[in-house]
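Beneath this line is the structure, given in structure tokens, with notes to follow.
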Amino acid sequence: MFMSYTEAKMDFTSTNIAINCSSIEPCLSFGSLKLEILSIDSEEDLQVSSMAQICNHLSFLVSRIERLYIQGPSWPLTNMDTTQWLELFRSFTAVQALYLHDSFRSPIMSALQGLNEESVKDILPALVDLYLDGYREAAPELQDNEEIEPFIAARQRSGHHVTVHHWIR
């Protein structure tokens, strides 16, 4: 029987990045798979790039993930090459729900806002729900947020609607 993981949690720290894959359906439970990359270099874009390469090689596992959580530090991330996020997301073709920790909202939305109507269908093509940490507290300014709106609008124009929610952890 082929293992099918439906949920993945990526945890970024200053020294490593880990991805934990599991099944959210008890009848399909195969245990969990944990992959951890220890990094001497704490630059976030190198961690994302490394994880993107690994996920690309393990696409037979991650291409079935339906819920993807990206969690990490409580400090803001700066100086990231946001295009690395696009490479990482290419492997996650079945993700329907994306959960973003507050510190990742800016770099990830920055990467996604540059997508046009054609390329927006290639990155997270099954996405229907975007959960943002801290969304409720900042809801008025996030409704018209320059980071989120271009991505949501491009998805709508391409016929792939996305609903933004507050992530309650």
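The values are calculated or read from the model by the stated rules, or taken from the named source; none is laboratory data. Because the structure is a prediction, the values reported are computed rather than measured. For neighbour counting, all protein chains shown are included, and Cβ atoms are generated from backbone atoms with ideal geometry for every residue, glycine included. These area figures cover heavy atoms from the full protein model, side chains too; ligands, DNA and RNA do not enter into them. Shrake-Rupley method; radii C 1.70, N 1.55, O 1.52, S 1.80 Å.
Starting from the stretch 61-74, keep only residues that are closer than 15 Å to Ala94 by Cβ and crowded, with 19+ Cβ neighbours inside 10 Å, then list their pairs with residues that are at pLDDT below 85 and among the aromatic types (Phe, Trp, Tyr) whose Cβ atoms are within a distance under 8 Å, requiring at least 6 positions of separation or different chains.
Leu61/Tyr5; Val62/Tyr5; Arg64/Tyr5; Ile65/Tyr5
I'd like the full set of residues that are open to solvent by 40 Å² or more (accessible area, probe 1.4 Å) and modelled with pLDDT of 85 or more, limited to the stretch 137-169.
Glu149, Pro150, Gln156, Arg157, Gly159, His160, His161, Thr163, His165
In the stretch 79-108, which residue that is in contact with a strand residue (DSSP E or B) (Cβ under 8 Å, 6 or more places away or on another chain) and either of a type outside the set (A, V, I, L, M) or assigned to a helix (DSSP H, G or I) (or both) is farthest from His57 (Cα to Cα)? First the steps, then the outcome.
Going residue by residue through the stretch 79-108, those that are in contact with a strand residue (DSSP E or B) (Cβ under 8 Å, 6 or more places away or on another chain) are 92, 95-102, 104-105, 108.
From what's left, either of a type outside the set (A, V, I, L, M) or assigned to a helix (DSSP H, G or I) (or both): 92, 96, 99, 101-102, 104-105, 108.
Numbers: Phe92: 12, Gln96: 21, Tyr99: 23, His101: 25, Asp102: 28, Phe104: 24, Arg105: 26, Ile108: 22 Å.
Once the filter is applied, the top-ranked residue is Asp102.
All but one of (1) within 29 Å of Ser23 (Cα to Cα); (2) surrounded by fewer than 18 Cβ atoms within 10 Å (Cβ to Cβ); (3) at pLDDT 85 or above hold for Gly134, so report the exception by its number.
For Gly134, the failing item is (3).
Quickly run through the stretch 98-121 and pick out the residues that are open to solvent by 10 Å² or more (accessible area, probe 1.4 Å) and at pLDDT 90 or above.
Tyr99
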